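Report on the following structure.
The values are calculated or read from the model by the stated rules, or taken from the named source; none is laboratory data. Everything quoted here is computed from the prediction, not taken from an experiment. Cβ placement follows ideal geometry from the backbone for every residue including glycine, while neighbour counts extend to all protein chains displayed.
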Amino acid sequence: MSLSRREFIGIGGGAIAGITLAPGLRLVELARARSPEEAATQMQRWGLLIDIGRCQDCDVCVTACRTENGWYGHNRPATDPQWIRKVTLKDNQTGYVESLPVLCQHCEEPPCVDVCPTGASFKRADGIVLVDKHICIGCRYCMMACPYKARSFVHEDTINQKSYAPRGKGTVESCTLCVHRVDAGKIPACVEACTKDGNQAMVFGDLKDPNSGINKHLAAGPSTPLRPDLNLNTGVRYRGV
Amino acid sequence: MAHAHYRNLEGRSLGFYAVLGLLGAITFAGLGAALYMEHHGHWVTGMSNQIVWGTPHVFAVFLIVAASGALNVASIASVFGRQLYKPLSRLSGLLALTLLAGGLAVLVLDLGRPDRLIVAMTYYNFKSIFAWNILLYTGFFAIVAVYLWMMMERRMNDYSKPAGMFAFLWRLTLTTGTGSIFGFLVARDAYDTAVMAPMFIVMSFAYGLAIYLVVLIASMRWSGRELGDVVFGRLRNLLGVFVAAVLYFVTVYHLTNLYITQRHGIEGFILLNGGAYTKMFWLGQVLIGGAVPLVILFSRLGQSRALVVLASMLVVLGGLAQMYVTIIGGQAYPMPLMPGKEVVASSFFDGMVASYSPSLPEVVLGVGGIGLALVMATFAMKVLPFLPQSLSDADADPHYKAA
Amino acid sequence: MQKIRLMVFGALAVAAAGWLAAAPVLAAETASAKSAIGPVIKTYKGDKCVEPTEEMRRNHMKKILHQRDETMHKGIRTRKYSLKNCIDCHADPKTNSVLGENGFCESCHEYAAVSIDCFTCHSSSPEKNGQPPKAASTDPAGLMEKTISSAVMGTTNGNQP
Ligand code: SF4
Ligand code: SF4
């Protein structure tokens, strides 16, 4: 059977890719890649720590995300999608200015999921919040509910989508934490880009693994979610906001 | 009063067809606008990633709220046992159905994927207040339809009272549900308040009755039927009370928000420095939708039917303004990313008042919803006896004595 | 002569009736006979589909739907019944797509008047635009999705069935 052979090689190749190949691109070694037939489980919760002190005045993370996931705009800023963006904040008291990337925070209690009428917005077992575009009706209630403006509505026809990041007019989309890469045992494109660029402002990893790099970083210094007043226990945390 | 007599609209005059044609044209224009929006995608509208709900939602929510309010007249008769309102009940039920249909049509046609309506009906997330609303709306159709049937079928008349009671409770839930759509948005300062739901109920009383009055006066007059001063006066006074109650709730809502320091930003935005939204609030919602109608309804001006119709229409306009301020103003005001920090730069309009101007297709779609509601009501009045033969003083109130 | 003609006619009539009754399914057979009418059923890679042709004709949508939910919600990314797999084998190398007048998906769906909702979001082309898939061993980056999509596949072009 040509198929099973094909599949076998696919799996083998993937496992090898996850473990041995592409070294040096990874800030945190993931324990191992799940094999394709294995479902994501609650044993893991993927998270991101963004160190604003290291975050430069650049946007390689944004560019990397756009290239990876193919969310090109039409030069219409109000309706063009943005899965991740750079925001500059100023302290009202001290005038201190800082720059940080904002993306879907992969909340543990996601308001977008609570309000979605069809269940299209959902949280995967491993904490990644996604939109199932197959059942999204485009009501935009999730966009009303998200405190971080993390979501975009696809306002026009799409072409040349990536096979692993389908997107289409009339549905809502947002950062997937590069779920297709994570499933393959790799880190999100933004983290990879930031790391490669030498800034190393982002750490990705498993929040449930006590020995993961991200947990060591989190234990070593202060961090906070955006809008801590909302108590959403976000998967993305910031240091030095 | 023994038995009210009902009769279909003749529906053969040129005037009838003119009305039907006009309303039909408005409806079709709305449909065309929706097709245009779906074909090109939402970027051709004024809506964006900042203002995700726009003018269609203003009309849709208004119509849905008004629909539950239109049922009130029937509820007064069946639940509170006021005989005077009995002959008014059928029209009340009818308008409740058609207004809801109009509102839902607008809501659905504005979806990113209206073709997936079936998905909305088959996949439910029971945590979502939106999903509950879908059930509430569907149930409302069924219950009001049954209620109407019990009112119209003599053998079932006995059951109309419990049915009316049930419909009344259902409609209270429905409006609470509609209000809660906004009340559940914790992230947005304008919405996250418990006053939202009761405020929506009171608003529904006013909007529903305003539309009811216009339709009643117009259809009685155009079909050459008498509408006596007793019924007219009661409905007029009732509308006045409802409009005053809306103003009261709006005051409470803003006072509550002013009490909470965190909300001073949004309050200042709506009440003082929000540009179009501030104008829309004071001129549209308070003056046109509240103060002017109150003056007309409670003064000698209220003797004039024409002026009362005008007042009702002003209430409708004020209601639309109120929805605009609530829905669009509430989104335009920026959300903070971090308490105590201000956004000074962003490629995604963080920290800025989002700009929005309604586009033509959006407005046409919204007005189309009103057209759909009215064309359905007009047509239904022709095929079934919804309208009482007479609402003259003698018919309405046997104890009435000409002064 | 007359008899033969009648027989041919009768056979044709029966065939036509059957063809009408099960148009979407049987239409495929007709098409393979290079008829001008009907969908274009062609595969360009591999010698066999993941399931027997009959099964795929009737139930491909069920399999894709099931796989869709598995992948979307659970992260199960087996390749066998994935849309990606369909596209990789069935895309026309000339147009690099399963859509278009002679496209594998579109021609049949058009013919059967069943709308496809996949390609409003999914790309209709195989992963590597325009380039033939490489063998796994030559994949230098070792990136998994690349590894999968370029895993060894038969390269014989063939018409099916
Ligand atoms: S950041 Fe927004 S979109 Fe992401 S999980 Fe939280 S509420 Fe949902
Ligand atoms: S737009 Fe889609 S994902 Fe968002 S709430 Fe509506 S159905 Fe759910």
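Is it fair to say residue B:324 is over 23 Å from residue B:63 (Cα atoms) and in contact (Cβ under 8 Å) with a residue 12 or more places away in the chain? Considered against the rule, which asks whether it is over 23 Å from residue B:63 (Cα atoms) and in contact (Cβ under 8 Å) with a residue 12 or more places away in the chain, residue B:324 comes out as no.
Residue pairs whose Cβ atoms lie under 7 Å apart, separated by 6 or more positions or on different chains, with the first residue in region A:103-122 and on the phi > 0 side of the Ramachandran plot and the second more than 10 Å from ligand 2 (Cβ to nearest atom) and outside any loop (DSSP other than H, G, I, E, B), are A:106/A:129; A:106/A:234; A:106/A:236. So for region B:41-52 (the condition being part of a helix (DSSP H, G or I), closer than 23 Å to residue B:373 by Cβ and touching a residue at least 12 places away in the same chain (Cβ under 8 Å)), does at least one residue qualify? No; the residues of region B:41-52 include none that is part of a helix (DSSP H, G or I), closer than 23 Å to residue B:373 by Cβ and touching a residue at least 12 places away in the same chain (Cβ under 8 Å). Residue A:161 - would you say it is touching a helix residue (DSSP H, G or I) at 6+ places or on another chain (Cβ under 8 Å), of a type outside the set (D, E, K, R) and surrounded by fewer than 22 Cβ atoms within 10 Å (Cβ to Cβ)? The answer is no for residue A:161. Taking first residues from region B:228-240 that are within 13 Å of residue B:85 (Cβ to Cβ) and partners that are assigned to a loop (DSSP other than H, G, I, E, B), the Cβ contacts under 9 Å between residues at least 6 apart in sequence or on separate chains come to B:230/B:392; B:230/B:397; B:230/B:400; B:231/B:392; B:231/B:397; B:234/B:82. Go through the residues of region B:116-123 one by one and say whether even a single one is over 30 Å from residue A:232 (Cβ atoms) and either buried (at least 20 other Cβ atoms within 10 Å of the Cβ) or touching an Asp or Glu at 6+ places or on another chain (Cβ under 6 Å) (or both). Scanning region B:116-123 turns up no residue that is over 30 Å from residue A:232 (Cβ atoms) and either buried (at least 20 other Cβ atoms within 10 Å of the Cβ) or touching an Asp or Glu at 6+ places or on another chain (Cβ under 6 Å) (or both).
Listed conditions (1) farther than 20 Å from residue B:321 by Cβ; (2) in contact (Cβ under 8 Å) with a residue 24 or more places away in the chain; (3) small (Gly, Ala, Ser) are all met by residue B:197, apart from (2).
Could you please give the count of residues in region A:150-180 that are among the basic types (Lys, Arg) and without any contact (Cβ under 8 Å) to a residue 24 or more places away in the chain? Show your work before the answer.
First pass over region A:150-180, keeping only residues among the basic types (Lys, Arg): A:151, A:162, A:167, A:169.
Add one more test, that the residue is without any contact (Cβ under 8 Å) to a residue 24 or more places away in the chain, and what stays is A:169.
Number satisfying all stated conditions: 1.
Considering (1) assigned to a strand (DSSP E or B); (2) within 16 Å of ligand 2 (Cβ to nearest atom); (3) among the charged types (D, E, K, R), the lone condition that residue A:85 does not fulfil carries the number (2).
What about residue B:177, is it within 14 Å of chain A (Cβ to nearest Cβ) and either crowded, with 20+ Cβ neighbours inside 10 Å or part of a helix (DSSP H, G or I) (or both)? Step through it out loud before you land on a result.
Values: within 14 Å of chain A (Cβ to nearest Cβ): yes; either crowded, with 20+ Cβ neighbours inside 10 Å or part of a helix (DSSP H, G or I) (or both): yes.
For residue B:177, the condition - within 14 Å of chain A (Cβ to nearest Cβ) and either crowded, with 20+ Cβ neighbours inside 10 Å or part of a helix (DSSP H, G or I) (or both) - is met.
Report the residue count in region A:129-144 for those that are near ligand 1 (Cβ under 10 Å from one of its atoms) and surrounded by fewer than 24 Cβ atoms within 10 Å (Cβ to Cβ).
Initially, region A:129-144 is screened for residues near ligand 1 (Cβ under 10 Å from one of its atoms), giving A:129-131, A:142-143.
Then keep just the ones that are surrounded by fewer than 24 Cβ atoms within 10 Å (Cβ to Cβ); that gives A:130-131, A:143.
Within region A:129-144, residues that are near ligand 1 (Cβ under 10 Å from one of its atoms) and surrounded by fewer than 24 Cβ atoms within 10 Å (Cβ to Cβ) number 3.
Scanning region B:239-292 for residues that are surrounded by 17 or more Cβ atoms within 10 Å (Cβ to Cβ), β-branched (Val, Ile, Thr) and under 25 Å from residue B:352 (Cβ atoms) yields a count of 3. When the test is whether a residue is more than 21 Å from residue A:237 (Cα to Cα), at pLDDT below 95 and out of contact with any Pro (no Cβ under 7 Å at 6 or more places or on another chain), residue A:137 does not pass it. Of everything in region C:43-79 that is hydrophobic (A, V, I, L, M, F, W, C) and assigned to a helix (DSSP H, G or I), the residue that is nearest to the other protein chains (Cβ to nearest Cβ) is C:72.
Does region A:101-112 include one or more residues that are more than 15 Å from the chain's Cα centre (by Cα), crowded, with 23+ Cβ neighbours inside 10 Å and within 12 Å of ligand 1 (Cβ to nearest atom)?
First, pick out the residues of region A:101-112 that are more than 15 Å from the chain's Cα centre (by Cα): A:109, A:111-112.
Filter again for crowded, with 23+ Cβ neighbours inside 10 Å, leaving A:112.
Okay, now just the ones that are also within 12 Å of ligand 1 (Cβ to nearest atom), so A:112.
Within region A:101-112, one or more residues are more than 15 Å from the chain's Cα centre (by Cα), crowded, with 23+ Cβ neighbours inside 10 Å and within 12 Å of ligand 1 (Cβ to nearest atom).
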